[in-house]
Amino acid sequence: MAWTKMKTAFAIGVGVLLVAVGTTIVMVRNPHEPQTYPWQINEGEITQFQLNQPPQVRIVPSKFHKRAEAIGATMVGTGLSVQDVVAAAHGAYSSARAIFHAEMPAGKYDYIACLPGGKTVNEKALQEEVKRKFGVAGHLESCPVEVWLLKVKYPNAPSLKVNSSSEKGNGFWPNAGAFRGWNEPMFGLAIGLENEANVPVIDQTGLTNRFDFDLNCSQDDLGNRNWGTVNHALDQLGLELVPTNMPMEILVVDKVK
């Protein structure tokens, strides 16, 4: 009787088991390794490719540290906390506008919701996935909260340059101890500040152009809410943050009963 010799080889770190049976190689994914989807690319930015994906709704572990998010008819976010994913699913701009009565897991996550039907359909679908994956749901309540208002301090600051490029896309990202803004509307700057400082920031500049700029303060300055340093950096752009208290709709998140 002839016996066929079998050999097995493990490819460590790539999530694949190679099994050699005779001359046939079979590739079997390691079930303990998370799958990476085609839209999980480009740390710190969302591209048109990521938005043009087949219909799906997913929340999966992220390999990214820098956050990026695009919320429209299609919703895609990468490198986000669970709190930010939950906030996005319920239409909140960031987790700074949410109160969590449930403990959330640590780590970063990516999400996509790109079903036909637009933003309302995808928000509802993402809410169901949040409920299934994390066991939480949210509702909106109006209550007075601390808010920072982004305002014009003096107009036509030379360091706040109107973007004249025809290229699509925009961004606000950390850059060597500061922040770089490219083709960014003031609303985007406000939300960027909100995400870093974890406090609601509302655009009241009235500026409708998109701008290129450098904001010369660090992530630590915003994270620690060193408002003096932050406002000194904004002053170079002719802008300022003004504190107030005002009623806002806040997302309240509870465990599903």
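The values are calculated or read from the model by the stated rules, or taken from the named source; none is laboratory data. Note that the coordinates shown come from a computational prediction; the quantities given were computed from them, not determined experimentally. Glycine gets a Cβ as well: all are built from the backbone with ideal geometry, and neighbour counts include every protein chain shown.
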What pairs come out if I take residues in segment 49-66 that are closer than 17 Å to Glu129 by Cβ and touching a residue at least 60 places away in the same chain (Cβ under 8 Å) and pair them with residues that are in a loop (DSSP other than H, G, I, E, B) and among the hydrophobic types (A, V, I, L, M, F, W, C) whose C-beta lies under 9 Å away, six or more apart or interchain?
Gln53/Trp39; Gln53/Cys114; Pro54/Cys114; Pro55/Cys114; Pro55/Leu115; Val57/Cys114; Val57/Leu115; Arg58/Trp39
Taking segment 153-170 and keeping only residues that are farther than 24 Å from Glu45 by Cβ and either modelled with pLDDT of 95 or more or not polar (S, T, N, Q) (or both), one is left with Lys153, Tyr154, Pro155, Ala157, Pro158
Strands (runs of 3 or more DSSP E) contained entirely in segment 36-85, each with at least 3 residues that are at pLDDT 95 or above
57-61, 75-81
It is to be established whether one or more residues within segment 89-111 are closer than 30 Å to Thr36 by Cα, surrounded by 15 or more Cβ atoms within 10 Å (Cβ to Cβ), of a type outside the set (Lys, Arg) and touching a Gly at 6+ places or on another chain (Cβ under 6 Å).
yes
Take the residues of segment 138-152 that are of a type outside the set (D, E, K, R) and either loosely packed, with under 14 Cβ neighbours inside 10 Å or under 19 Å from the mean Cα position of the chain (by Cα) (or both): which is modelled with the lowest pLDDT?
Cys143
Pair list, Cβ < 6 Å and 6+ apart or interchain, from segment 215-234 residues that are farther than 14 Å from Ser159 by Cα to residues that are in a helix (DSSP H, G or I) and among the hydrophobic types (A, V, I, L, M, F, W, C):
Cys217/Val230; Cys217/Ala233; Asp221/Val230; Leu222/Ala197; Arg225/Ala197
Here are some residues: Ala190, Ala157. Which one is under 24 Å from Asp84 (Cβ atoms), surrounded by 15 or more Cβ atoms within 10 Å (Cβ to Cβ) and not acidic (Asp, Glu)?
Ala190
Does any residue in segment 111-133 that is β-branched (Val, Ile, Thr) come within less than 7 Å, Cβ to Cβ, of a residue that is surrounded by fewer than 15 Cβ atoms within 10 Å (Cβ to Cβ) six or more places away or on a different chain, and which pairs are these?
Ile112/Gln56
Failed item, numbered, when Asn198 is tested on (1) among the polar types (S, T, N, Q); (2) under 30 Å from Val256 (Cα atoms); (3) at pLDDT 95 or above
(3)
Got a number for residues in segment 42-68 being among the small types (Gly, Ala, Ser) and surrounded by 15 or more Cβ atoms within 10 Å (Cβ to Cβ)?
2
